[in-house]
Amino acid sequence: MSTGCANPFAMQQMVPGGTNINMGVLSAPQAPSGMPASLNMGMQGGSTSVTSLVAPQKAASVKHFTLVAQPAHLTLGSTFQTDAWTFNGTSPGPTLRVEQGDLVVVTLVNHLSFGVTIHWHGIDVPNADDGVAGVTQNAVEPGQSFVYRFFANDPGTYWYHSHQFSEAETDGGLYGMIIVDPLKSTFHADVDYSVALHEWNGSNNQSVLALNNTVGVLNKAARPGQWVRLRIVNTSSTTSGNPQLVTLVGAPFKVIALDGHDLNGPQWLNETPLPLGAAQRYDLLFQMPSTDSVTLLTGDDSDPQHYQDAPALVLGQGALPAVLPGVKPWFDLTKYGQPAHSAITPQSHFDQTYNLTLDNQVGSSLGRMGMTYTINGKVFPATGMLMVKEGQIIKIHFDNQSDLYHPMHLHGHTFVVLARNGRVLTGSPVYLDTILIAPHTSYDIAFLANNPGLWMLHCHNLLHANWGMDMMVMYNNISTPYTVGKTSGNIPD
Ligand code: C2O
Ligand code: CU
C-alpha cells in the first residue's frame, strides 16, 4: 500500500491495517450566528408548565446512577485514537441496566466546559425529564448537576445522549445504552450483549466506524449451543446519510425486537442485511453453532454492496469468515413476523392526521447558507407545531420527496407503523420511536397522545436536525419557562 496520506480518505482506507490515525482535538460546539435571541416553544398563557410533568417521588424499586460528562482521550483499538466527550470516561458511556417498573434516578454532573443534557431516547419519560435544552430544561452548565427521574415501564433496548447541541455532542461521544429487562422474559437467552455502532468524524471529512470501543474486531464469549441475545444501536449518522448495514454470519437469526419493542412470531433469517437508521435498535436472537464462531459484520458506507472486515463482532471461538458474503435484499419490517392484535390499526379513527413532506434544498437556516433539510418546505423553527390533545389518536403521513434517508424520531411516545407507500403491514405489528424513511417513500404512523408535554419530532440524522428538520408536538395548554437561542444558550440540536 502506498504511504502517501495527502488524501484523508486514503488514511481512512488503511484502517484497520495498522496505520495509527488520530482524530485530534474537538472544539466546543458553537451556536449558529443567526440563532434568534430567545424562542419560547410553549403555549402563551398555557396553564401547565413542563416543570410540573414529573414522575412520582417514591416507588417500590428505585435504581440510582451517576453520569459525569467529562473529556477523555480514547484509544479505540490499536489503530485509532480520538479526543472525545464522554460519560464517566468512556464512549459508549456505561450501559444502565434496570428492571421493568423501576424508578430510574440519574444524576448528571457536568465536568465539561460547555452545557450538556441527557435525552432518554425511546423511553416515554415525563416531559420534564426529556432532556431537551431550551424546551424541557436549561442545558446543565459546567460544574452543575441535574437529576433525571422516570419510570422504566417498557422493557427493551434504549439509549441516551446529550440533547444540547446534539449533533456535535452526540457525535462527539456523549451517549450510552440503557436496557430495561422485562419482569417476565419473552425470549430465553443464555448471554446478552449490546453493541453501539458509532461513526467518529474528524476534520477533513475523515470518518471511522467503531463498534463499542474498537474500530477493529470485538470478541465476546459464547459457548456452543448457547442462545445469544444481541442488541445493536446506531448512535451516529453516517457521512453518506445512508443507514448502517449489519448482518450476522455463522448462524440463522431472528429479529426479536425493533427499537426495544418485541415483534410477534419472527421468522429465521440468513445473512439478511439489517438497515439501521440513526438512533434505531435491533435485538437479534440466535443459537451458537456446535463449532465455530458467529460474526456481526458491518457494511461499507462508501460501497453499500459490500461488508467490511472491521469493525466486526466475533462471538465464540474463531475468526472472521474468510470470505465476506455479498449484500442480499434488505430486511423489510413491513412483512416480517406474524400479525397480532394492535390497539391502533389502519382502521382506527384518527382524531387528527398531519401530512409532513420531507425534502432538502439550498437555503438559509439560523443565519447560515447551505443545504437545508425541510418539513413542508420550512426549516426549524418555522416548521411549527403539531397540536394534540390528551387521549387523541394522531396519524402522521410522512412523504419523503428527497434522495436522502430520514430517520424520523418522535419524543415521548411509541408509535405504530401503519403503512408504507399506502400498503399496510402484513407481518407483525411494529412499534418504533424512530422510523427510517427511504428516499421517495411514504409512511403512515400513528400514536396515542398519552404523555402531555412539549415534544420534539425530528430527523435523527443530526446534521439534518441541525439544518432545519425539526418540529414540535404540543399538547394543549403547555407552557415552558425555558427558551432556545442566544440568550439562554440552549440549542437542542
Ligand atoms: Cu435521540 Cu431528539 O433524540
Ligand atoms: Cu434527515
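A few remarks follow.
- Note on region 250-398: Kirkwood radius taken over Cα pairs, Stokes-Einstein applied at 4 °C and 1.567 mPa s, translational D equal to 67 µm² s⁻¹.
- Residues of region 288-318 with amide N under 17 Å of the 7 Å Cα→Cβ point at residue 403: 302-304
- Kirkwood hydrodynamic radius over Cα pairs of region 220-294, then Stokes diffusion coefficient at 20 °C and 1.002 mPa s, in µm²/s: 163
- Structure note, pairs 378/486; 63/254; 184/389; 58/184: Cα-Cα distances above 26 angstrom occur for 63/254; 184/389.
- For the chain, the equivalent ellipsoid derived from the Cα gyration tensor has semi-axes of 33, 27, 23 Å, listed largest first.
- Once exposed loop chymotrypsin sites (Phe, Trp or Tyr not before Pro) are cut out (DSSP; at most 15 other Cβ, 10 Å), longest piece of the chain: 1-186
- Other residues within the sphere of radius under 11 Å centred on the Cβ of residue 183, judged by their own Cβ, net out at -2 (K and R +1, D and E -1).
- Cβ-defined net charge surrounding residue 104, 15 Å radius [Lys, Arg +1; Asp, Glu -1]: -3
Read the figures in this text as sums done on the coordinates, not as results from a lab. Keep in mind that this is a model prediction, so the values were computed, not measured. Because the Cβ atoms are built from the backbone with ideal geometry, glycine has one as well, and the counts that use them run over all protein chains shown.
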